[in-house]
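Values quoted throughout were computed directly from the atomic coordinates according to the rules given, and no laboratory measurement underlies them. These numbers come from a predicted model, not from an experiment. Here the Cβ is made from the backbone with ideal geometry for all residues, glycine too, and neighbour counts use every protein chain on show.
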Amino acid sequence: MKNFIVAASAALLLALPASAHVTLEQPQAAAGQAYKGVLRLGHGCDGGSPTTSFSVEIPNGLALVRPMPKAGWHLSVETAPYAQPIKAHGKDITSGIKKITWSGGRVQDGEYDEFIFVGQLRDDADGPLYLPVVQTCEKGEWRWVDVPQAGQSVQAPAPVLRVAAAQKPSAVRAEQVWARATPNGASVGAGYLRVTNSGSTADRLISSSTDVAQRIEVHEMAMDNGIMKMRALSEGLTLQPGQSVELKPGGFHLMIMGLKAPLKEGTSFSGTLKFEKAGDVPVNFNVLGMGAPAPSGGAPEMMDHSHHH
Ligand SMILES: [Cu+2]
């Protein structure tokens, strides 16, 4: 009998249209941006009982939250210290609203209502952010708190806010990108380029990748007790604001490890440079002869153009 009741109520829940869940009108926002959260309430509780209280928990990725009062409802908030302070009007704000409750009002089943707040997504907000809601009715309550695991659906999903990465113009530029041709059977190649940081803060070339090899490491060639040695830069290559660094034979270079095929002179291949702050920067390596020195001036760019025309 108990099993029957569980099955019956599950079927009832699954029969609810998605629009009946509590959802955010704007389900996506960009990190670092202001956000207006409009929580939409679509129905009452079981048996058509009217809603009398609505509370929402604010996730860590959202800060500087202020609720909008509703006529006929009592508004209350709970605050808590932030894990990290956030700057507002030049000041560090160290705590904020973690929970908002609107109570004492009445939304009939079959009516629609909205509960609204404003806030700001943190720069490092990492989505999806879940905003658990408890909807209390004259009889019973809905707990919109379920967080779906991969590929599963849940009975009462928490409203979810998907976070897009902050839009930031890349402050680094890569030029004269080339690689040396490799002999048949070689598993390792070398790539070179000039990289410039035109931003106002330091950045780091952490690693790179390409489809033609397993991985790319940033290496340094340096004299060690009179012997030329190569080592991987485990911390990456730091670029100060305004600094331009040339990766060239005998110095810094990209070590292209685990080549899937030899790099043939006159061809080119694409790769991605990964910077700590600027993120991914796509590049195209021109493959020069095995004995090629560092290209001077705009030679590789001219080659690049000749490939395209
Ligand atoms: Cu190397």
Tally, over the stretch 201-241, of residues that are within 11 Å of the ligand (Cβ to nearest atom), touching a residue at least 12 places away in the same chain (Cβ under 8 Å), loosely packed, with under 14 Cβ neighbours inside 10 Å and charged (D, E, K, R): 1
Complete set of residues in the stretch 242-256 that are surrounded by 15 or more Cβ atoms within 10 Å (Cβ to Cβ) and within 13 Å of the ligand (Cβ to nearest atom): Leu247, Lys248, Phe252, His253, Leu254, Met255, Ile256
Exclusive hit being in contact with a Phe, Trp or Tyr (Cβ under 9 Å, 6 or more places away or on another chain), more than 28 Å from Ala164 (Cβ to Cβ) and not in a loop (DSSP other than H, G, I, E, B), set Gly105, Gly47: Gly105
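Please verify whether the stretch 164-178 includes one or more residues that are within 15 Å of the ligand (Cβ to nearest atom), surrounded by 12 or more Cβ atoms within 10 Å (Cβ to Cβ) and assigned to a strand (DSSP E or B). Show your work before the answer.
Taking the stretch 164-178 first, the residues within 15 Å of the ligand (Cβ to nearest atom) are none.
No, every residue in the stretch 164-178 fails to be within 15 Å of the ligand (Cβ to nearest atom), surrounded by 12 or more Cβ atoms within 10 Å (Cβ to Cβ) and assigned to a strand (DSSP E or B).
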